[in-house]
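The values are calculated or read from the model by the stated rules, or taken from the named source; none is laboratory data. Keep in mind that this is a model prediction, so the values were computed, not measured. Please note that ligands, DNA and RNA were not included when accessible areas were found on the heavy atoms of the full protein model with its side chains. Shrake-Rupley method; radii C 1.70, N 1.55, O 1.52, S 1.80 Å.
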Amino acid sequence: MKSKMAKQGSSVGTILSSNTTNPPLIIRTNLHRFYGLDEIYENRRAAIEDTCDKSNHGYFGNSDGAKVVNRLVIDRQHHLVYCPVQKIGSTFLKGLLQILKKQGKKNLDTRKIREKPNTSPDMTQFHYYLTKSFKVMFTRDPYYRLFSGYVDKLFTVNTLFWQVIGTYIKNTLLRPENDIRTKCGHGITFPQFIKYVIASQKTGVHTDGHFTPIYEHCRPCQISYDFIGKMETFENDSLTLLNVWNKRYGANITYDDFKMETTLQRVRGMINRLYKMRKEFKKCVSVYGVLQRVWKDFQIRGFLTTRVNLPFSRSEAANISAEQMTTVVIKAILEHSTNRTELLQQRNEAISLAYSQVPMKDLVELREIVRPDCELFGYNVSPDYIFNRGDPSDDVTSYRYFDIDE
């Protein structure tokens, strides 16, 4: 296989292209046994391999091969390869790899760390890196991943995505009757977002990596990953990786309370990001509306209990600094938001409420889009909380997670 493809040149994109006349290169050299991982990780890897072998089309994907390769984070020093996928802890995991490289302290703001783009290796180099490196990827229930992407990029404050995706949805997909185009892309509902996902995946127009299928990012049917982590077991899987790396490379990356420390880091990063966007978001929404969105964002994520309301009035909101907002949120988390069962229930309520508002016709179309990820990574393609609807008059929850008083 290798010599046959080498004759056609050294383009890495060609190697992973699903449109070539030759069979795609499949790399199944695994190093998981050398790491002494628990059986659950071998079972995950074997299940993906089995699904790939049984499928008619191989789930090779349509994404550009060169872009797939250039997205991989390659640590040549430690022989590690990580495939980052947006909305599956990628910022945190890339930060861990940077800390490992530096053998540094854990308290780095990983949101400020940006991996320099990999210089595209030729075919021989690329094949060598993958066969000789420990390959890592993380997965997530695709329905939850889309919901998380919506909350982070469109429901809460993200002026870049409001401008790029929000305005596209409003001006193109929703086709305003008055034909007046808007420059403000806030206020997109979850059903409107799902219509965008369906349209972009069908046409390939205006797609975004945060919302495209996981298998398109990592090509698991061509690259057999040694470690498959899951967002649903993120704490345990991340600590398993850390323990392996600490032992193997003499690192000392530890967490006293992984869940709380990563939550607080996330809160600080999100609020700092919010205030950097202040000049832009004020063109479209009030500061009070923005603080509501951020507060509810933390409640939807299960960081902050719904029993505590935003403590600022409309008149007070305009004068609240990033430091004050951060202090208030962290205090509410530490004092009132320690019941993890309650917080998990909030997350489940919020996602159930969101999908209950999506027309069944759109859900059926969405199901076909997420089916490959569900089959490859062991998720239910037709979960009851989405497809088994009861009486429409029955409220999923009495708390209005997505209502904003502008």
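Tally up the carbon and sulfur contribution to the accessible surface of region 204-352 as a whole percent, 1.4 Å probe, everything protein left in place.
49
Percent of Cα-Cα pairs more than 19 Å apart in region 210-260, please.
In whole percent, the share of Cα-Cα pairs in region 210-260 beyond 19 Å is 45.
Work out from phi, with θ = phi - 60° and the Karplus expression 6.51 cos²θ - 1.76 cosθ + 1.60, the ³J(HN,Hα) of each residue of region 252-257, listed in order in whole Hz, and give x for Gly and Pro.
Per-residue couplings from phi come out as 9, 9, 9, 9, 6, 9 Hz.
Taking square-rooted eigenvalues a ≥ b ≥ c of the alpha carbon gyration tensor, is region 262-311 rounded, prolate or oblate, where a/c under 1.5 means rounded and, failing that, a/b exceeding b/c means prolate?
In terms of gyration-tensor shape, oblate.
Would you work out if region 145-195 is rounded, prolate or oblate? Take a ≥ b ≥ c from the square roots of the eigenvalues of the alpha-carbon gyration tensor; rounded if a/c is under 1.5, else prolate when a/b is larger than b/c, oblate otherwise.
oblate
Can you give me the three principal axis dimensions of region 215-354 from its C-alpha atoms, in Å, biggest first?
So the three principal-axis extents are 54, 35, 31 Å.
Need one word for region 35-100: rounded, prolate or oblate. Basis is the Cα gyration tensor (sqrt eigenvalues a ≥ b ≥ c); a/c below 1.5 gives rounded, then a/b vs b/c decides.
Note, shape of region 35-100 comes out oblate.
Assuming a strict under-27 Å limit between Cα atoms, what lysine pair count do you get for region 205-279 once near-sequence pairs (fewer than 8 apart, same chain) are dropped?
Working: 230/247; 230/259; 247/259; 259/276.
Eligible lysine pairs with Cα atoms under 27 Å apart amount to 4.
Could you report region 127-225's accessible area per residue, 1.4 Å probe, as an integer in Å²?
Each residue of region 127-225 exposes 36 Å² on average to a 1.4 Å probe.
Greater than 25 Å separation of Cα atoms is the criterion. Which listed pairs, 94/135; 170/296; 282/361; 153/296, meet it?
With Cα atoms farther than 25 Å apart: 282/361.
Based on the alpha carbons, how large is the Rg to Rh ratio for region 302-369 when Rh follows Kirkwood?
Rounded to two decimals, Rg over Rh is 1.16.
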